[in-house]
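Accompanying notes for the structure given below.
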Amino acid sequence: MNEEDADRAVGRLLREHATRHRAGDALQSAVRTEIALEAAGQRRQAAPPVARRWHWPAWGLTAAGFACGVLATAITLHLLPPTDGSRALEQELASSHVRALMVAHLTDVASSDQHTVKPWFQGKLDYSPPVKDLAGDGYPLIGGRLDYVAGHPVAALVYRRHGHLINLFIWPADGQAAPTLHSHQGYQLAHWRNAGMQFWAVSDLNGEELQTLARLIP
Amino acid sequence: MAHTRDFEALVLPHLDAAYNLARWLVRDEHVADDMVQDACLRAYRYFDALRGDAAKPWLLGIVRNNCYAWLEEQRMSARWVAHGEDDELLAAVPVPPDSRGATPETELWHAYRRQAVDAAIRALEPPYREVIVLRELEDLSYAEIAQVAAIPIGTVMSRLSRARAALRTALADLLGTE
């Protein structure tokens, strides 16, 4: 065998048998989280709260486009208003969580200060969602944003737990219900009602840590 | 936001390649995770620097730099600490399957070949290991490898040639059975 053939044989052996290490789900998720947080942080530096107003119409357009998409989905899925905890709603919340990470549109207001985040929702929603920083309990608040679920504007709060992000969606609902766990395409969802609001927490965290969060929120 | 979407589309598809390179260079899964995560963050911060270049060698270049920095740190601390090489070395000398039970078709034989090939790649020094991993496992061109490793194409070719010669010797038994 000449050297060239021998090299080709080595190449073949390697290609066929050597281990190709692949990035695990945890790494994929950690990278997306880092990027999303970085993008949120950059926006905070780039746009101080007062100067944000000019930015709002542009964002509104995006939101409108997004809302259209959601509406189309809602129609296709015959989705009821967001008082119904259907599978379609879980799907939509999981998608919203993923999208927030993917396009790094994680927060409109990036702040760990609940007194900054809570007033930010005024005038954007006709209700006032409870906002609480839980850094002391290991769930620091990253910020908040306006999201659309089944065509309704809802409050989304973003918390961090170790290397993972949690989207907490909040909108009004009657009644009381203890947290129930659901899972959708690898994401965990916790749902509960309290004090005139309903809460959906979505994350790739395990269910237990979502329930801990549920206990910490009013 | 457009910035982030471009990054998603151009850079993140190469996460597997990035991890494979890191894992082969640092030989530890958790360190490899850290190397890749940090490289991605750097890549995101300096994404504007990626002008018309291919994203894959660009990202792999950042991963490689991180890994070499880490290897250098290990080398420095190894002077002071009598340090046990990573435990993978214990598995570096695979035992050939019992020739009576194992025919070339059995799982055992397949596992043996994988171990032997992996061990032979691991035994290469990092500058040779990386060109082999990039060429044979990640299918990069000579020019792309030159970009990742920041060396001239001629050096890529001579390192590949030396690496293959070493692998031919290490894997002589297996090459005979192919």
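We did not get these values from a lab; they are worked out from the coordinates using the rules stated. Here the structure is a predicted model, which is why all the values come from computation and not from measurement. Backbone-built Cβ (ideal geometry, glycine too); neighbour counts: all protein chains shown.
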* Post the alpha-carbon centroid distance, the stretch B:130-172 to the stretch A:159-215, in whole angstrom. => 50 Å
* Structure fact -> Once the in-chain neighbours fewer than 8 apart are removed, the aspartates and glutamates whose Cα is under 17 Å from A:Lys124 read A:Asp108, A:Asp147
* Within the set of other residues whose C-beta is less than 11 Å from the C-beta of B:Ala166, count the net charge using Lys and Arg as +1 and Asp and Glu as -1. => +4
